[in-house]
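As structure tokens, the structure follows; a few thoughts come after it.
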Amino acid sequence: MSKEPVAVVGIGQTRHVAARRDVSIAGLVREAAHRALHDAELTWSDIDAVVIGKAPDFFEGVMMPELYLADALGAVGKPMLRVHTAGSVGGSTALVAANLVAARVHGTVLTLAFEKQSESNAMWGLSLPIPFQQPLLAGAGGFFAPHVRAYMRRSGAPDSIGALVAYKDRRNALKNPYAHLHEHDITLEKVVASPMLWDPIRYSETCPSSDGACAMVLTDRAGAARAPRPPAWVLGGAMRSEPTLFAGKDFVSPQAGKDCAADVYRQAGVTDPRRDIDAAEIYVPFSWYEPMWLENLGFAAEGEGWKLTESGATALDGDLPVNMSGGVLSTNPIGASGMIRFAEAALQVRGQAGEHQVDGARRVLGHAYGGGSQFFSMWLVGSTPPDS
């Protein structure tokens, strides 16, 4: 039996900020869910199941928060599933929900991811001791900076590439009303002059700490036919993982990322990502990961990703726009960051991305990664059903 086509018919986000002190976690997730339902013109009673995800519970110190969030999400008496795959969890959560619809387990599923970083300390929470090494690591940036240096050595990329990515994404964020960082006075010179945090990563080349939530309503073909607006169709989706550390691991371009992308492209009939995909929302928490992931995802040959960035190809008006919304560099409620990538991809093919809309976007990739470059989740969405 073939899979049921899956459609995204509702999308909702909170306004992402440093601290949402006006709401509890329950209020935060309900706000995003309500907006997704409103977009789909559905009510809580139309939802068959809820799939929720977030980053590690120790961030906020609330263990298994899904148990107390059931009431806020209309899930009392309904199946509710929790997903966790570190920073990629937002994407993984959406894929679990999509698979429930594709397998005809449920007809319409609400999926949601969140983080309230103002009630946690993610940087020091991620500064875990590594056996037999000096405790010099501080935050995720301390872990990833050596991998960026390895990429620079391997590719010969000039030092300026990271600043170009940050400048591009922060300008894109000005066109996105939901983005956390709206730096109206941003200039390339200011990015370059910002303090060095983890060589070669500067302050303005890093993601912020955000409070926020993102929700989507996924449904089957019958539900899509009743939708008030054209949906985004899931053309392919996949998850892959590999250990954080093992002999021969390629931290610059992990094999799990390559395998995940290849699976998505196979499902969607993509043979040339650069030609067949119109835009991409890629998980870039530190600016240098744009060129690194462009290579890992097959948009550029090894060592050539930085040239796409430098040429302007990944700009909003380029031939392969990347992170049109401002990306993780502008908004980072960790648990939701991956789902925001997936949702923003869906907004593009629905033609609902507002000022950061890419003209004629018909196929857009959503990408997330997490842990020590060990968890990957991706989907490709399109403006037409997969069998059309």
First in the range 360-388 and more than 24 Å from Val252 (Cβ to Cβ), second anywhere and assigned to a strand (DSSP E or B) and open to solvent by 30 Å² or more (accessible area, probe 1.4 Å), Cβ under 6 Å, 6 or more apart: Gly382/Arg363
Filtered residues of the range 246-283 (kept if among the polar types (S, T, N, Q) and within 25 Å of Leu347 (Cα to Cα)): Gln267, Thr271
Residue within the range 275-290 that is within 15 Å of the chain's Cα centre (by Cα) and either of a type in the set (S, T, N, Q) or open to solvent by 60 Å² or more (accessible area, probe 1.4 Å) (or both) present: yes
Scan of the range 332-388 for residues that are over 19 Å from His180 (Cα atoms) and hydrophobic (A, V, I, L, M, F, W, C), ordered by number: Ala346, Val349, Val358, Ala361, Val364, Leu365, Phe375, Phe376, Met378, Trp379, Leu380, Val381
Within the range 104-119, considering residues that are open to solvent by 20 Å² or more (accessible area, probe 1.4 Å) and closer than 17 Å to Gly27 by Cα, the one modelled with the lowest pLDDT: Glu119
All positions within the range 325-361 that are in contact with a strand residue (DSSP E or B) (Cβ under 6 Å, 6 or more places away or on another chain) and over 30 Å from Asp57 (Cα atoms): Gln348, Val349, Arg350, Val358, Ala361
Top-ranked residue in the range 244-260 [being of a type outside the set (D, E, K, R) and open to solvent by less than 70 Å² (accessible area, probe 1.4 Å); ranked as nearest to Ile47 (Cα to Cα)]: Cys260
Among the residues listed as Val76, Val51, the single one being surrounded by fewer than 17 Cβ atoms within 10 Å (Cβ to Cβ) and of a type in the set (A, V, I, L, M): Val76
Every residue from the range 333-355 that is open to solvent by 10 Å² or more (accessible area, probe 1.4 Å) and under 20 Å from Leu174 (Cβ atoms): Leu347, Gln352, Gly354, Glu355
Residue in the range 305-328 that is within 18 Å of Arg229 (Cβ to Cβ), crowded, with 24+ Cβ neighbours inside 10 Å and either out of contact with any Phe, Trp or Tyr (no Cβ under 8 Å at 6 or more places or on another chain) or hydroxyl-bearing (Ser, Thr, Tyr) (or both) present: no
Any hit, the range 250-262, residues being touching a residue at least 12 places away in the same chain (Cβ under 8 Å), part of a loop (DSSP other than H, G, I, E, B), more than 24 Å from Pro158 (Cα to Cα) and not charged (D, E, K, R): no
Unmet criterion (only one of (1) in contact with a strand residue (DSSP E or B) (Cβ under 8 Å, 6 or more places away or on another chain); (2) among the charged types (D, E, K, R); (3) assigned to a loop (DSSP other than H, G, I, E, B)) for Arg240: (3)
Thr271 being of a type in the set (S, T, N, Q), out of contact with any strand residue (DSSP E or B) (no Cβ under 6 Å at 6 or more places or on another chain) and in a loop (DSSP other than H, G, I, E, B): yes
Conditions (1) outside any strand (DSSP E or B); (2) free of Cβ contacts under 8 Å to residues at least 60 places away in the same chain; number of the one not met by Val148: (2)
Within the range 197-243, considering residues that are touching a helix residue (DSSP H, G or I) at 6+ places or on another chain (Cβ under 9 Å) and among the charged types (D, E, K, R), the one surrounded by the most Cβ atoms within 10 Å (Cβ to Cβ): Glu205
Residue list for the range 163-196, filter: open to solvent by less than 50 Å² (accessible area, probe 1.4 Å) and either at pLDDT below 95 or small (Gly, Ala, Ser) (or both): Ala163, Ala166, Ala173, Ala179, Ser194
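The values are calculated or read from the model by the stated rules, or taken from the named source; none is laboratory data. Values in this document were obtained by computation on a predicted structure and should not be read as measured data. Using ideal geometry, Cβ is built from the backbone for each residue, glycine included, and neighbour counts are taken over all protein chains shown. Note: accessible area is taken over every heavy atom of the protein model, side chains too, but ligands, DNA and RNA are not part of it. Shrake-Rupley method; radii C 1.70, N 1.55, O 1.52, S 1.80 Å.
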